[in-house]
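Have a look at the structure below, then the notes.
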Amino acid sequence: MYAESLEAPGKPTILFYGHYDVQPAEPLELWTTPAFDPAVRNGNLFGRGTADDKGQVHIHLKALQSLRELQGKFPINVKVLIEGEEEVGSVSLWDFVQKNREKLKADALLVSDTSMLGKGVPSITYGLRRVELLPN
């Protein structure tokens, strides 16, 4: 899924990237409970595909929605790219990026897939560097 809002000419552009896929269920014998059945173990709820990036993607989308509702428009240009193949190598993403190089250009990239320090510990993982991902 790709979406953009370019309503702020001359302002920076941020590209949000995230994924919503899940690990393949096979091999089935490695699961403690059936892969597609949620289960409660030791007071914790476990379910295939319930985490890994879905919460991060959701909170970024909700923040963008709130900002737009509050201000009527974004103060910067926003691009959002969310895909469903990360767990198998994002095989279609590379072709999409190659075909849409100009469209995907941005001043900053926010990858919505970060680690958590521990249960109940809000965490932000960050890094700043300039990287040329694609040759000219």
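Numbers for the structure displayed
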item: Hits in segment 46-58 (condition: free of Cβ contacts under 8 Å to residues at least 12 places away in the same chain and over 10 Å from the mean Cα position of the chain (by Cα)); result: Gly47, Ala51
item: Candidate set from segment 81-118 (those that are modelled with pLDDT of 90 or more and touching a Gly at 6+ places or on another chain (Cβ under 9 Å)); member that is nearest to Lys11 (Cα to Cα); result: Leu81
item: Positions within segment 34-80 being modelled with pLDDT of 85 or more and either among the polar types (S, T, N, Q) or part of a strand (DSSP E or B) (or both), in sequence order; result: Ala39, Val40, Arg41, Asn42, Asn44, Gln65, Ser66, Gln71, Asn77, Val78, Lys79, Val80
item: Subset of segment 97-110 (residues that are out of contact with any helix residue (DSSP H, G or I) (no Cβ under 9 Å at 6 or more places or on another chain) and either hydroxyl-bearing (Ser, Thr, Tyr) or touching a residue at least 24 places away in the same chain (Cβ under 8 Å) (or both)); result: Val97, Gln98, Asn100, Arg101, Lys103, Lys105, Ala106, Asp107, Ala108, Leu109
item: Residues located in segment 96-115, provided they are surrounded by fewer than 14 Cβ atoms within 10 Å (Cβ to Cβ) and among the β-branched types (Val, Ile, Thr); result: Thr114
item: In segment 1-56, residue surrounded by the most Cβ atoms within 10 Å (Cβ to Cβ) [restricted to those that are under 18 Å from Ser90 (Cβ atoms) and of a type in the set (D, E, K, R)]; result: Asp53
item: Cross-chain or 6+ apart pairs with Cβ under 7 Å, segment 67-92 first and at negative phi, then surrounded by 11 or more Cβ atoms within 10 Å (Cβ to Cβ) and assigned to a helix (DSSP H, G or I); result: Phe74/Leu67; Phe74/Arg68; Val78/Leu64; Ile82/Val57; Glu83/Leu93; Glu85/Leu93
item: Pick from segment 68-101, criterion among the polar types (S, T, N, Q) and touching a strand residue (DSSP E or B) at 6+ places or on another chain (Cβ under 9 Å), ranking: nearest to Tyr2 (Cα to Cα); result: Asn100
item: Subset of segment 14-45 [free of Cβ contacts under 8 Å to residues at least 40 places away in the same chain and of a type in the set (Val, Ile, Thr)]; result: Thr32, Thr33, Val40
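The values are calculated or read from the model by the stated rules, or taken from the named source; none is laboratory data. Not measured: the values here are computed from a predicted model. Neighbour counts are summed over all protein chains in view; Cβ atoms, including those assigned to glycine, are modelled from backbone coordinates with ideal geometry.
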